[in-house]
Structure formats: C-alpha cells, structure tokens
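Structure record follows, encoded as structure tokens.
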Amino acid sequence: MLIVHVFVHVKPDQVEAFRVASLENARNSVREPGVARFDVIRQQDDPARFVLVEVYRTPEDPARHKQTPHYQEWRDAVAEMMAEPRTSVKYTNLFPDEQGWG
C-alpha cells in the first residue's frame, strides 16, 4: 500500500466550497479499484487547513487516480481556493500488512 497525505491551506472565505468539492471528490475516489481509503480531514484549531489521506493499493494507482474526471474537476475547482500550494508526503504502511509482520 501507498499512503499519501496531502496538506492543504485554504483561503478563509473558501473553506466551505473547498469542503464540498473535496467531499465530492472523495465519494468518487473510494469507488476506484485502486483506492483502499480516501479521507478528508480538517484541523480542529484551524478550519482552513485540511489533510487528504489517500491510501492506494499499488504505487501505480495515484497516477490512475489523477486521470479520472472527478479528480481533474476537483483539481481545477479548488486551484484558486488555496492560500498556498498544496504539499504531500508519501508513506508506506507497516501495520497492518500483508506479510503478517504486524
């Protein structure tokens, strides 16, 4: 599995629009065969900061996700809502895992 955390800082007047667009993208993303999980979370002490937690089955699945119409619609819709460019960090899960290490 490949886990990606996408960090997004949204303009204060765009928080609700970003939330709505991101939830719609997440609803469609979890239907993709390569997506094991897709969470939209918001920081409690700063509601203009979000993290998208994307869990992919293979390293190739993020590229497939970026080819979907719902991702491209989200990307274009939220581009001007961000207070700064989004960033991401990629992770590999250790537990639970398929090798039984956990």
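The values are calculated or read from the model by the stated rules, or taken from the named source; none is laboratory data. Computed from a predicted structure; not experimentally measured. Backbone-built Cβ (ideal geometry, glycine too); neighbour counts: all protein chains shown.
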Exercise. Somewhere in the stretch 17-33, is a residue among the acidic types (Asp, Glu) and surrounded by 11 or more Cβ atoms within 10 Å (Cβ to Cβ)?
Worked result: yes
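This table checks each residue for (1) surrounded by 16 or more Cβ atoms within 10 Å (Cβ to Cβ); (2) on the phi < 0 side of the Ramachandran plot; (3) under 12 Å from the mean Cα position of the chain (by Cα); (4) in a strand (DSSP E or B).
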| site | (1), (2), (3), (4) |
| --- | --- |
| Arg37 | no, yes, yes, yes |
| Ile41 | no, yes, yes, yes |
| Glu54 | yes, yes, yes, yes |
| Pro59 | no, yes, no, no |
| Glu73 | no, yes, no, no |
| Ser88 | no, yes, yes, yes |
| Leu94 | no, yes, no, no |
Problem set entry | Filter result (under 12 Å from Met82 (Cα atoms), among the aliphatic types (A, V, I, L, M) and not in a strand (DSSP E or B)) within the stretch 1-27 | Val15, Ala17
Problem set entry | Neighbours by Cβ (under 8 Å, 6+ apart or cross-chain): first from the stretch 68-95, modelled with pLDDT of 95 or more; second among the acidic types (Asp, Glu) and outside any loop (DSSP other than H, G, I, E, B) | His70/Glu24; Trp74/Glu24
Seminar exercise, completed: Those residues of the stretch 75-86 which are of a type outside the set (A, V, I, L, M, F, W, C), over 23 Å from Arg31 (Cα atoms) and part of a helix (DSSP H, G or I) amount to Glu80
For this session: Scan the stretch 34-49 residue by residue and report those that are in contact with a Lys or Arg (Cβ under 9 Å, 6 or more places away or on another chain) and within 14 Å of Met1 (Cβ to Cβ).
Result: Gly34, Val35, Ala36, Phe38
Exercise. Would a scan of the stretch 38-50 turn up a residue that is among the aliphatic types (A, V, I, L, M) and either out of contact with any strand residue (DSSP E or B) (no Cβ under 9 Å at 6 or more places or on another chain) or free of Cβ contacts under 8 Å to residues at least 12 places away in the same chain (or both)?
Worked result: no
For this session: Could you list, in sequence order, all residues of the stretch 75-97 that are hydrophobic (A, V, I, L, M, F, W, C), under 20 Å from Val20 (Cα atoms) and out of contact with any helix residue (DSSP H, G or I) (no Cβ under 6 Å at 6 or more places or on another chain)?
Result: Ala79, Met82, Ala83
